[in-house]
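The values are calculated or read from the model by the stated rules, or taken from the named source; none is laboratory data. Owing to the predicted nature of the structure, the values given are computational and were not obtained by experimental measurement. Here Cβ is always computed from backbone atoms with ideal geometry, including for glycine, and neighbour counts include all displayed protein chains. Side chains are part of the model used for accessible areas, which takes the heavy atoms of the whole protein and leaves out ligands, DNA and RNA. Shrake-Rupley method; radii C 1.70, N 1.55, O 1.52, S 1.80 Å.
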Amino acid sequence: MEPDTIAQPPKTALLVLGCPQVPVQTSIALYLVSRLKSAGITPVIAGNKAANTLLVVADPDRHYLGEITDLDRAVAQITEKKRDFDQCFVFIHNDAGISYAATMGVISKATLYVLVYGEHQEDIVQQITFPCIKMAAKAVHNPLPLKKVIDEVAPWAA
């Protein structure tokens with residue numbers, strides 16, 4: 001006899017996007033969504049209006065994008081225990097991103113990944129003192145250095 005197996009719900013991942021001031025954010029977000037989906041992980045994007053709009057315009061037929069929500073709404077849902085995720089990826093290029101990552105680390109049960117990029121990524125990484133998996137590269141216009149770091153960590157295989 002085979003043991004009874006309990007169906008597990010699909011894994012989920014929240015991508016927390018900040019201000020899209022640094023160009024690599026949009027392409028890395030789409031890349032990460034693609035990799036997560038290929039691994040059977042359901043990604044949800046939470047960003048401000050500008051970040052979300054850039055993604056929707058880049059993928060109008062929703063080949064990669066699935067659910068997109070307002071960042072403040074996502075934080076409220078997690079805080080109120082209405083929703084949570086298995087993984088959380090916070091995109092960071094300034095102090096506000098650090099604050100969002102620290103908040104997610106406190107309110108969510110998700111494994112926390114931080115993607116630090118931009119001109120001052122080394123200084124920002126040093127400010128992150130809470131538990132998380134750090135992925136960092138000096139990537140502003142060229143997403144390849146950050147893509148390389150993400151591929152080395154391979155969070156979709158975790």
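A few points about this structure:
- Surface composition of the stretch 4-158: carbon and sulfur atoms hold 55% of the protein heavy-atom accessible area at a 1.4 Å probe.
- Here the extension length gained between D123 and S99 equals 7.2 nm, from 0.36 nm per residue of separation less the Cα-Cα distance.
- 1.4 Å probe accessible area per residue over the chain, in Å²: 54 Å²
- Amide hydrogen proximity for A136: with H placed 1.01 Å from N in the peptide plane, the residues at 5 or more positions away or on another chain lying under 5 Å are V116.
- The angle between the Cα long axis of helix 144-153 and the main principal axis of the chain comes to about 30°, on a 0 to 90 degree scale.
- Checking (i) 59, 37, 31; (ii) 103, 47, 35; (iii) 46, 35, 29 against Cα extents along the principal axes in Å calculated from these atoms, the matching label is (i).
- Relative contact order %, the chain, counting alpha carbon pairs below 8 Å whose residues are six or more apart: 22 percent
- Rounded to the nearest whole Hz, the Karplus-based 3J(HN,Hα) values (6.51 cos²θ - 1.76 cosθ + 1.60, θ = phi - 60°) of the stretch 28-38 follow the sequence 5, 4, 5, 4, 5, 4, 4, 5, 4, 4, 4, with x at glycine and proline.
- The helix-based estimate of mean residue ellipticity at 222 nm for the chain, built from -39,500 (n - 2.57) per DSSP H run of four or more residues and divided by its residue count, is -12000 deg cm²/dmol to the nearest 500.
- Rounded FRET efficiency, nearest 0.05, which uses the C-beta distance separating E80 from H141 and R0 of 41 Å: 0.60
- The stretch 25-69: trypsin sites (Lys or Arg not before Pro) in DSSP loop, at most 13 other beta carbons within 10 Å: R62
- Taking amide H positions as modeled 1.01 Å from N, with prolines and chain starts lacking one, the residues under 5 Å from T69 and 5 or more places away or on another chain are I45, A46, G47.
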